[in-house]
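Trainee: Please find one structure pasted underneath; my questions will follow.
The values are calculated or read from the model by the stated rules, or taken from the named source; none is laboratory data. This structure is a prediction, so every number in the text was calculated from the model and none was measured. Reconstructed Cβ throughout: ideal geometry from the backbone, glycine too, with neighbour counts over all protein chains shown. For the accessible areas, the whole protein counts, side chains as well, though only heavy atoms, and no ligand, DNA or RNA atoms are used. Shrake-Rupley method; radii C 1.70, N 1.55, O 1.52, S 1.80 Å.
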Amino acid sequence: MRKGFGLTVRLAVLTGLLTLVILSTIGLALMSFGEYRQALSRLSDESTRALMTASRLKQQSESMVGSGALLLLADDHFGRRQAMFEISDREEWIRELLAELEASPATQGSFAELEATLADLVDSFDALDALVQRRIDTQALRLSRGPHDEDSVVRLYHLEERIAEQMRTNRALSMKLGVAVGYHVNHIRSQLESSVNRLNEEIGQRERLLAGFAGVAMLVLLVTVFYVSRSVVYRVLRLHRAISRERPAPEELDVSGNDEIARMASSIQRYMHNISDNERRILAMNRELDFMASHDALTHLYNRHHFERAINERQQTLDSELYSVVMVDIDHFKRINDNHGHDAGDQVIRMVAHQLSRGLPDSALLARYGGEEFVALVPGCSAAAVAPMLDAIRHTLMDAAVQVDGVTLWVTVSFGVAQKIPDAAFSRCLKAADEALYEAKRCGRNRVVIRPLRQSDSEEDSDG
């Protein structure tokens with residue numbers, strides 16, 4: 001017991017030490033991350049907000065050129081006023097962003113040049129609007145006078161030249177405005193980089209401290225892993241290898257010692273002994289159950305369930321090959337049961353099953369279909385080829401006898417045979433064999449009746 005107690009205590013001590021070092025490392029990391037988060041919060045309150053404002057201002061200033069393109073493409077006064085409304089909206093938005101950027105403590109320098117450039121750009125758009133308005137009016141006048149009005153054509157040509165010149169002026173002013181905004185964006189970025197560099201220096205110091213704690217934790221972890229590997233894992237692996245074999249032997253288990261692992265190995269060894277004993281009994285029972293699931297208990301032939309399942313599995317093969325189906329019935333079997341008892345009936349059934357197994361080919365699928373009835377599938381044989389085999393079995397049964405309590409019982413059997421019906425399912429052939437069996441019974445029993453193919457077979461199949 002002392003060994004088991006010592007193993008538990010040593011593992012607990014090593015685990016506690018490792019936990020303490022890890023918790024200390026996590027605490028230092030959390031404290032460093034808290035300070036880092038506070039510093040980032042300070043940066044986001046001023047510089048980051050200013051940078052985002054400046055970026056939006058730059059984006060809006062660059063969009064002014066796109067708004068000018070809308071004005072240039074306007075072909076009526078409604079489109080022109082709509083484009084000017086968008087330009088005015090962007091101007092107002094730029095002035096609001098400019099005021100917000102001027103009020104930010106993170107920005108320095110004068111915004112006079114930026115404001116002057118914005119005013120020049122707005123005046124330039126007003127001039128462009130006047131030219132576009134004149135172009136629209138001139139186009140309307142030309143349409144009213146007809147396509148041969150040369151004066152209107154000349155005026156439109158000069159207006160297009162002035163509009164193109166005004167657009168070049170707009171682009172130059174937009175670029176100047178973008179450069180002015182870019183100056184402030186770069187200034188804010190430089191301030192952010194400076195703050196981040198200072199923060200990185202502080203984080204670097206904490207990283208070195210964390211690396212020291214991590215080294216201690218790693219050392220404790222290695223000691224723990226080595227101890228657990230030697231005292232626990234190695235022994236457990238040996239135990240696992242012993243019980244993982246396909247047929248593990250209980251004597252291969254190492255049960256030496258008095259700790260938890262030794263006691264577990266001893267319990268597994270006892271359990272394996274019990275499993276081996278139970279396995280032998282279960283295998284014997286499974287073999288018997290497997291046989292009973294597909295065979296008839298009295299005759300040891302296949303049962304009806306197995307026969308039908310085998311037919312379903314061989315359906316594709318049956319569709320492409322010749323076969324015959326045989327239905328068998330013991331004559332006057334109820335009279336045998338009534339007069340001599342069920343034991344006598346069972347002896348008769350076993351004797352008939354034995355003769356059927358001997359007389360049919362090995363390839364035949366023979367099953368007890370129920371009561372005194374048997375069914376057989378004979379692949380590769382026509383009804384004419386199967387009939388002599390059945391007739392030989394019939395004569396053998398006529399010569400055989402069953403002795404029951406000093407009484408000799410003579411047994412006869414009726415056979416119904418049907419050959420594969422072209423383009424018909426197996427069930428049609430089975431039904432035809434049953435019809436032949438009924439005909440054999442009707443004609444006096446103890447005979448083989450072949451059910452011939454009929455014209456109605458194909459017609460009935462096509463109707464189905």
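Trainee: Could you tell me which trypsin sites (Lys or Arg not before Pro) in the range 239-333 are loop residues by DSSP with no more than 11 other beta carbons within 10 angstrom of their beta carbon?
Mentor: Details: sites: R241, R245, R263, R270, R280, R281, R287, R304, R309, R314; in loops: R245, R314.
Passing both the DSSP loop test and the Cβ count: R245.
Trainee: If you don't mind, another one. At 0.36 nm per residue, minus the direct Cα-Cα distance, what do S357 and T408 gain on full extension? Give it in nm, one decimal, please.
Mentor: Values: separation 51, 0.36 × 51 = 18.36 nm, distance 2.29 nm.
Stretched out fully, the S357 to T408 stretch lengthens by 16.1 nm.
Trainee: Something else about it: Starting from one equal scatterer on each C-alpha and no solvent at all, send me the Debye-based log10 I(q)/I(0) for the range 345-464 at q = 0.20 Å⁻¹, two decimals.
Mentor: Log-scaled intensity ratios, in q order: -1.14.
Trainee: Rank these residues by their accessible area, most exposed first, probe 1.4 Å: C443, C429. Walk me through the intermediate numbers first.
Mentor: Values: C443 60, C429 0 Å².
Ranked from most to least accessible, the order is C443, C429.
Trainee: Using a probe of 1.4 angstrom, how much of the accessible area of the range 327-464 is carbon and sulfur, in percent?
Mentor: On the way: 3180 of 6680 Å².
Reported share for carbon and sulfur atoms: 48 percent.
Trainee: With all protein chains present and a 1.4 Å probe, how do L159, L283, L30 order by accessible area, largest first? Kindly include the intermediate steps, with their values, before the conclusion.
Mentor: Values: L159 10, L283 80, L30 110 Å².
The residues order as L30, L283, L159, largest area first.
Trainee: Can you give the charge dipole size of the range 248-403 about its Cα centre, rounded to the nearest 20 debye, using +1 on the beta carbon of Lys and Arg and -1 on the beta carbon of Asp and Glu?
Mentor: Numbers: 14 positive and 24 negative charges, 72 e Å.
Rounded to the nearest 20 debye, it is 340 debye.
Trainee: Of V386, V407, which has the most accessible area and how do the rest follow, probe 1.4 Å? Write out the running numbers ahead of the final one.
Mentor: On the way: V386 0, V407 60 Å².
Result, largest first: V407, V386.
Trainee: Amide H to amide H under 5 Å from D331: which residues, 5+ apart in sequence or cross-chain, H placed 1.01 Å off N in plane?
Mentor: Under 5 Å from the amide H of D331 lie the amide H atoms of T412, V413, S414, each far enough along the sequence or on another chain.
Trainee: Provide the FRET efficiency to the nearest 0.05 for the A103-T19 pair, computing r from the beta carbons and using R0 = 45 Å.
Mentor: Working: r = 52 Å, r/R0 = 1.16.
Computed FRET efficiency for A103 and T19 comes out at 0.30.
Trainee: Between rounded, prolate and oblate, where does the range 366-414 land on the alpha carbon gyration tensor, with a ≥ b ≥ c its root eigenvalues, rounded for a/c under 1.5, else prolate if a/b exceeds b/c?
Mentor: Working: a/c = 4.03, a/b = 1.79, b/c = 2.25.
It is oblate, given that a/c is not under 1.5 and a/b is not larger than b/c.
Trainee: Given the whole protein assembly as supplied and a 1.4 Å probe, what does the accessible area of K334 come to in Å², nearest 10?
Mentor: Approximately 140 Å² for this residue.
Trainee: Any chance you could look up the accessible area of I203 with a 1.4 Å probe, heavy atoms only, rounded to 10 Å²?
Mentor: So the heavy atoms of I203 present about 40 Å² to solvent.
Trainee: Hull surface divided by four, with the convex hull built on the Cα atoms of the range 242-390: how many nm²? The partial results should precede the final answer.
Mentor: Values: hull surface 57.4 nm².
Its Cα hull, projected and averaged over all orientations, spans 14.4 nm².
Trainee: Determine the per residue accessible area of the range 309-356 with all protein chains present and a 1.4 angstrom probe, expressed in square angstrom. Mind showing how you got there, number by number?
Mentor: Numbers: 2470 Å² over 48 residues.
I get 51 Å² per residue for the range 309-356.
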